[in-house]
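Enquirer: Can you read through this structure? Questions will come right after.
The values are calculated or read from the model by the stated rules, or taken from the named source; none is laboratory data. Only a predicted model underlies this, so the values are computations on that prediction, with no experimental measurement involved. Cβ coordinates were reconstructed from backbone atoms using ideal geometry, including for glycine residues, and neighbour counts include every protein chain displayed.
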Amino acid sequence: MSQNAPNPVDFCNIAALLSDDERALQQTMAAFVNEKVIPIASKSFDAGVFPRELVADLAQAGVFGCKGLNSVSYGLICQELERGDAGIRTFVSVQSSLVMQPIAEYGSNAQQEKWLPLLASGEAIGCFALTEEQGGSDLGNMQTRAVQDGDDWVITGKKVWITNGSIADVAIVWAMTDDGCRAFLVEKDTDGFTSSDIENKYSLRASVTSNLVFDGVRVSNEMMLPNVQGLTGPLRCLTNARYGIAWGAVGSAIACFEEVLAYTKTRMLFGKPLAATQAIQMRLAEMSRKISTAQLLALHLGRMKDAGTLHHSQISMAKWNNVRAAIDVARDARDMLGANGVSSDYCTIRHMLNLETVITYEGTETVHELIIGRELTGFNAF
């Protein structure tokens, strides 16, 4: 192999396009995932349990809020975390993009001073209560209501499929008011606020997913985020989360590709390794192409995000493209592993199942296609 031969998991040498600080961060996060996440990922998935012992380690690694880091660095963190498990990356995405970021952007000084240090240290866990039974994408049909009563607000409604819901110390609850959509901080153990976990999931099993009920929950006016009104607020939060997902999916794809590449080099069939056959090499090459293009797209959008030139529809392109690429890689890798592909002794089946959730949440493929179609044509087909 020549001196300049490509790295199989970074075929187009994306690492050369990173700054020294970004490369160092990725290496640090890769080591963290190898040491802390991968050894427990399969066990947590099989048991259907979120590994809460990781929260303190994640906080110590500085991944909550990613203070002082650029968008590319945040993306690299998501990529490495999901190389371990999408459930862990999802936890961090919610804590950072969907809880800390809206408090930082829309919250009062008092809300920021109370919650941001607690969330950054992992002493408090947050959730983002937006999705309802009527649909997560049709926000205009939101049924949860908040009615002002003197200096208080009374919230009534139900939220579903909420990550971190039952373990959250605080929920950011989006509700319709007479003045449009507003966000409220609702602390756990508030009267009328109950949660129940969604059981029997076959995907994202190392993540807590809950239904939340607000039965006349009364909160003071000080619990409303004062600097956001209307649907633009939650949509902007989702855009930031989708950006991290586009990077994270690359991590899942890399994990599956690394596993199947190593497997086909040692699995003998009819006297030679699987990797020595044309059919397998063509499939591996196709996986490498999909991973490389997803990496390049994520990096380019990260640079645009840092430059302030990124449009939300471009993030839709990346979420759609990269998660689709990842799930295609995972499914093909599972097939190439043969019977081993359905065993949790191999990581591929776990990543493949997790990606069924990732391709669905934060906007399905159809939703993102329609977002892009609207930008291309000028017509809203929703």
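Enquirer: Within 26 Å of G150 (Cβ to Cβ), touching a residue at least 60 places away in the same chain (Cβ under 8 Å), among the hydrophobic types (A, V, I, L, M, F, W, C) and assigned to a loop (DSSP other than H, G, I, E, B): is that true of V217 in this structure?
Expert: Taking the combined requirement at face value, the residue does not satisfy it.
Enquirer: From K201, K188, grab the single residue that is free of Cβ contacts under 8 Å to residues at least 24 places away in the same chain and not β-branched (V, I, T).
Expert: K188
Enquirer: Only residues in segment 327-350 that are polar (S, T, N, Q) count as the first member; pair them with residues that are not in a helix (DSSP H, G or I), Cβ under 7 angstrom, at least 6 apart or cross-chain, and list the lot.
Expert: Listed pairs, sorted by first residue: N340/Y346; T348/L337.
Enquirer: For segment 1-23, name all the residues that are closer than 30 Å to D57 by Cβ and surrounded by 12 or more Cβ atoms within 10 Å (Cβ to Cβ).
Expert: Selection gives P8, V9, D10, I14, A15, L17, L18, D21, E22, R23.
Enquirer: So, in segment 197-214, exactly how many residues are surrounded by fewer than 13 Cβ atoms within 10 Å (Cβ to Cβ) and out of contact with any helix residue (DSSP H, G or I) (no Cβ under 7 Å at 6 or more places or on another chain)?
Expert: 2
Enquirer: Evaluate the following for S196: is it under 24 Å from the mean Cα position of the chain (by Cα) and not in a helix (DSSP H, G or I)?
Expert: yes
Enquirer: A follow-up question, please. I'd like to verify a number: residues in segment 344-354 that are under 11 Å from R334 (Cβ atoms) and in a helix (DSSP H, G or I), how many?
Expert: Total meeting the criteria: 6.
So that you can scan it fast, the table gives a plain yes or no per residue for (1) assigned by TED's automatic domain parsing to the domain that holds R334; (2) modelled with pLDDT of 95 or more; (3) acidic (D, E):
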position: G216; (1), (2), (3): no, yes, no
position: R242; (1), (2), (3): yes, yes, no
position: G251; (1), (2), (3): yes, yes, no
position: F257; (1), (2), (3): yes, yes, no
position: L261; (1), (2), (3): yes, yes, no
position: T266; (1), (2), (3): yes, yes, no
position: F270; (1), (2), (3): yes, no, no
position: A275; (1), (2), (3): yes, yes, no
position: A279; (1), (2), (3): yes, yes, no
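One line per residue, one yes/no per condition, for (1) of a type outside the set (S, T, N, Q); (2) assigned to a helix (DSSP H, G or I):
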position	(1), (2)
R289	yes, yes
S292	no, yes
Q295	no, yes
W320	yes, yes
T360	no, no
V367	yes, yes
L370	yes, yes
E375	yes, yes
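Enquirer: Quickly run through segment 230-287 and pick out the residues that are among the aromatic types (F, W, Y), under 20 Å from G338 (Cβ atoms) and surrounded by 13 or more Cβ atoms within 10 Å (Cβ to Cβ).
Expert: Scanning segment 230-287 gives F257, Y263.
Enquirer: Would a scan of segment 269-277 turn up a residue that is hydroxyl-bearing (S, T, Y) and part of a helix (DSSP H, G or I)?
Expert: No, that holds for no residue.
Enquirer: Further, regarding this structure: Looking at segment 49-63, which of the residues that are over 17 Å from R205 (Cα atoms), buried (at least 17 other Cβ atoms within 10 Å of the Cβ) and touching a residue at least 60 places away in the same chain (Cβ under 8 Å) is farthest from the chain's Cα centre (by Cα)?
Expert: In this case the residue turns out to be A59.
Enquirer: Limited to segment 83-106, what total is found for residues that are surrounded by 24 or more Cβ atoms within 10 Å (Cβ to Cβ) and either among the hydroxyl-bearing types (S, T, Y) or modelled with pLDDT under 95 (or both)?
Expert: Matching residues across segment 83-106 total 4.
Enquirer: Give the residues of segment 1-42 that are in the same structural domain as R83 (by TED's automatic domain parsing), farther than 24 Å from G68 by Cα and among the hydroxyl-bearing types (S, T, Y), sorted by residue number.
Expert: Selection gives S42 alone.
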